[in-house]
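The values are calculated or read from the model by the stated rules, or taken from the named source; none is laboratory data. What you are looking at is a predicted structure, and each value in this text was computed from that prediction instead of being measured. All Cβ positions, glycine included, derive from the backbone under ideal geometry; neighbour counts span all protein chains shown.
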Amino acid sequence: MHAVPDVDGTIRRLLHWAGDRDEIRAMLLTSTRAVPDAPVDALSDYDVILSVRDIGPFAADRRWVETFGEVLVAYWDATYPDETHGLLVIGNVVQYADGLKIDFSVWPDAMLPAIAAAGTLPPELDAGYRVLLDKDGGTARLAPPTFAAYRPVRPDEATFQVAVNDFFTDVPYVAKCLLRGDLFPAKWALDHDMKHVYLLPMLEWWIGCAEGWSKPVGALGKGLRRRLPADLWREIESSYADGGMDQNVDALFQTVALYRRVATEVADRLGYAYPIALDERVTAFTQRMLDVGKRSSGARDEPT
C-alpha cells in the first residue's frame, strides 16, 4: 500500500482546488482530523464538507473527485433531504489508488445559515470541525464545537433491562439457524445483531462508566481495542468463528458469556440488577435445543 499523502499536502490540494471554483463557497474538515488530540494515523480519512451554490452539477458529473488522484473505488449517495432542515444534499466515499481516502459531503450554501439560525450544531459538526475556507463569512455565526457529540449516554435502568432482554431474544434464534444449516441468518444474528446491535452499545456503556461519560465513541466500534482491557478484547476476538457448526455454537456461548461479563460490570457500576434469571433460563433452553437437535436425525427439518 502506498503512503497516504501528509495532512498538510492534502489540505493544500483541497484549498487550491476549492479556492479556484466560484461555485464552492466554503469548506470544512470534520471527524477525527478536526478533533484536537484525536488519534490520527496514515489510514485516517479526510471528512470534508463542501458548501456550494448548487449541488446539482456535483451530483450529475462525478469526475470532480478525480482531481485528487486515481479513483480506486467510490460509493455515492443518491441526493436526499437533510433530516433537520430538509435541504437536498449528496455525499460520497472515495478511495484513491495511492491510499488517500476522502469522504465528501456536498451541502447547498443555504445549509450553513440554517444551522447557524437553529443555534444547535448537527452531530457531525459538534463532534469537531475546522473551517478550511469561507468565501462569504457563512461560518462566522456557527457555534464552536463542544466535542460532546457521540459520547455514550448513561442509560436509565429501564433502558438497561430492555437492552439485556433484547440481546437474549437472539440466542435461541442463532441455535435454530445453526441446526437448520442456515448459515447466513445465523451469522447475521450472531455477528451483526448480537454483537453490533446489542453488545457494542453495552461496551460503550462500559467505556462510559470507566471514563466518566466524557469521551465520544467511534462509529461501528472504531478504537475500542485501545480503550478496553486486553483480556476483554481477547474475549471479543474469540467470539468470532468460521462457518463450522461446532465453531459457531462455541462462538454463540462465548458471545453470551462476554455479554454477561460486560453487562454485569455495567450493572454493578450503575447500581442496577443484572437479570441473571433470564440469562440462565434462555441459556439453558438454547443448550437443550442444540443437544436435542444434534441427536435428532431431523435436525435440519424446519423447527416451529
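Taking segment 274-285 as the region of interest, how many residues are under 18 Å from Arg261 (Cβ atoms) and either of a type in the set (Gly, Ala, Ser) or in a helix (DSSP H, G or I) (or both)?
Let us first name the residues in segment 274-285 that are under 18 Å from Arg261 (Cβ atoms), namely 274-280, 282-283.
Going one step further and asking which of them are either of a type in the set (Gly, Ala, Ser) or in a helix (DSSP H, G or I) (or both), we end up with 276-280, 282-283.
Qualifying residue count, segment 274-285: 7.
When you scan segment 254-261, do you find a residue that is part of a helix (DSSP H, G or I), closer than 30 Å to Asp41 by Cα and either among the hydroxyl-bearing types (Ser, Thr, Tyr) or in contact (Cβ under 8 Å) with a residue 60 or more places away in the chain (or both), even just one?
The answer is no; no qualifying residue exists.
Failed condition for Asp191, given (1) without any contact (Cβ under 8 Å) to a residue 60 or more places away in the chain; (2) within 30 Å of Arg261 (Cβ to Cβ); (3) not assigned by TED's automatic domain parsing to the domain that holds Gln287, with all others met?
(3) is the only condition that Asp191 fails.
How about segment 15-34: which of its residues are more than 17 Å from the chain's Cα centre (by Cα) and touching a residue at least 60 places away in the same chain (Cβ under 8 Å)?
Initially, segment 15-34 is screened for residues more than 17 Å from the chain's Cα centre (by Cα), giving 15-29, 34.
Within segment 15-34, Leu15, Ala18, Gly19, Ile24, Arg25, Ala26, Met27, Leu28, Leu29, Ala34 qualify.
Each row is one residue, and each column tells you yes or no for (1) under 27 Å from Asp242 (Cβ atoms); (2) at pLDDT below 90.
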{"residue": "Asp136", "(1), (2)": "no, no"}
{"residue": "Ala140", "(1), (2)": "no, no"}
{"residue": "Glu157", "(1), (2)": "no, no"}
{"residue": "Arg180", "(1), (2)": "yes, yes"}
{"residue": "Pro185", "(1), (2)": "yes, no"}
{"residue": "Met194", "(1), (2)": "yes, no"}
{"residue": "Ile207", "(1), (2)": "no, no"}
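Within segment 158-172, identify whether any single residue is in the same structural domain as Pro229 (by TED's automatic domain parsing), in contact with an Asp or Glu (Cβ under 6 Å, 6 or more places away or on another chain), within 16 Å of Thr283 (Cα to Cα) and surrounded by 15 or more Cβ atoms within 10 Å (Cβ to Cβ), and answer yes or no.
Yes, there is a match, as at least one residue in segment 158-172 is in the same structural domain as Pro229 (by TED's automatic domain parsing), in contact with an Asp or Glu (Cβ under 6 Å, 6 or more places away or on another chain), within 16 Å of Thr283 (Cα to Cα) and surrounded by 15 or more Cβ atoms within 10 Å (Cβ to Cβ).
For a quick check of your reading of the model, give me the residue pairs whose first member lies in segment 38-60 and is assigned by TED's automatic domain parsing to the domain that holds Val106 and within 21 Å of Val131 (Cβ to Cβ), whose second is among the small types (Gly, Ala, Ser) and not in a strand (DSSP E or B), with beta-carbon atoms closer than 8 Å and at least 6 apart or on different chains.
If the second residue must be among the small types (Gly, Ala, Ser) and not in a strand (DSSP E or B), the pairs left are Ala38/Gly128; Asp45/Ser31; Asp47/Ser31; Asp47/Ala34; Leu50/Ala18; Ser51/Gly138.
Looking only at segment 23-60, count how many residues are in a loop (DSSP other than H, G, I, E, B) and either at pLDDT below 95 or within 27 Å of Ala148 (Cα to Cα) (or both).
Qualifying residue count, segment 23-60: 11.
Among (1) aliphatic (A, V, I, L, M); (2) surrounded by fewer than 17 Cβ atoms within 10 Å (Cβ to Cβ); (3) in contact (Cβ under 8 Å) with a residue 24 or more places away in the chain; (4) farther than 26 Å from Pro144 by Cα, there is one condition Ala74 misses while meeting the rest; what is its number?
Every listed condition holds for Ala74 apart from (3).
Within segment 214-221, is there a residue that is in the same structural domain as Glu280 (by TED's automatic domain parsing), out of contact with any helix residue (DSSP H, G or I) (no Cβ under 9 Å at 6 or more places or on another chain), over 26 Å from Arg281 (Cα atoms) and among the basic types (Lys, Arg)?
Checked segment 214-221: no residue is in the same structural domain as Glu280 (by TED's automatic domain parsing), out of contact with any helix residue (DSSP H, G or I) (no Cβ under 9 Å at 6 or more places or on another chain), over 26 Å from Arg281 (Cα atoms) and among the basic types (Lys, Arg).
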